[in-house]
Amino acid sequence: MNKFNNSVAVITGAGSGIGRHLALKLASYGASLAISDINVEGLAETEAQATRLLKNINARIVTSTLDVSNREAVFAYAEETKREFGSVNLVINNAGVALSSGTLSETSVDDFEWLMSINFSGVLYGTKAFLPVLEEAEWGHIVNISSLFGLIGVAEQAAYNASKFAVRGMTEALRQELETANSHISCTSIHPGGIKTQIAMNSRVSKPLDSETEKLKENFEDLAITTPESAAEQILTSVLKNKRRLVLGKDAKVLDWIQRHFPNHYQRIVHWFMQRALAKIIKT
């Protein structure tokens, strides 16, 4: 992990979950951090933990409250980060949200656009704003967090699917463009399965949930098999190996394999898998 020593890393959504553990891992490797989140309290806790790791290390940490759906704010943040650190090597567009809204017919356009503004536009803004900054550094890498749901379609997840498929498509296209240009910048698309974070509990709810869905939401961590610590480690390893894509977690790898080998039938298999998972939770 010596590549990260004396580097500068930008992480959005660093106030909890994968974002927090990415910050802590990078701090332990001697990287300076520009971390942001809309959650002020969570961000402060990440800063406190990372600061302890940076003690006696020639690295710094700067925090910013940031709404990634605000285009002007993200581009201003990139300029501020450049002025603060002089250069940036690693940008991790991690900030994201979930939505419990039911079927596509039941999901309002406002809710759909709200989720897209964070999960996709936030990643787009972060990528566009920092690309010129990365071009001035010795090396540069962009990590965009998609999802398993950027690889498979799932019923009642149309908005989330749309946002994560969009992140995947944009990142894969960018990777080809950077390679064609022989750029020293690269990028990786990350596709986590179930990660033990609070994203399900913190999801926006736009309609009353039935008892089964409510119980599934409350017990999401029982289905999530990958810790955020492990996820952060694997993501940083994928940067070192310059991977195009990282499918994160055994659950994600299995469902990705099914989708690739049975593209015309995988949705039925996914439906069966989700029903079994729901039944397991309801019985507990």
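The values are calculated or read from the model by the stated rules, or taken from the named source; none is laboratory data. These numbers were taken from a predicted model, which means no experiment stands behind them. So basically every Cβ, Gly included, is an ideal-geometry build from the backbone, and we count neighbours across all protein chains shown.
At-a-glance table
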quantity: All positions within the stretch 89-104 that are of a type in the set (Gly, Ala, Ser) and either farther than 30 Å from residue 59 by Cβ or surrounded by fewer than 23 Cβ atoms within 10 Å (Cβ to Cβ) (or both); calculated: 98, 100, 101, 102
quantity: Test: residue in the stretch 25-33 that is within 19 Å of residue 127 (Cα to Cα), within 15 Å of the chain's Cα centre (by Cα) and crowded, with 18+ Cβ neighbours inside 10 Å; calculated: no
quantity: Number of the exception - residue 200 against (1) in contact with a Phe, Trp or Tyr (Cβ under 7 Å, 6 or more places away or on another chain); (2) farther than 22 Å from residue 2 by Cβ; (3) modelled with pLDDT of 90 or more; calculated: (3)
quantity: Within the stretch 224-239, considering residues that are β-branched (Val, Ile, Thr) and surrounded by 19 or more Cβ atoms within 10 Å (Cβ to Cβ), the one modelled with the lowest pLDDT; calculated: 226
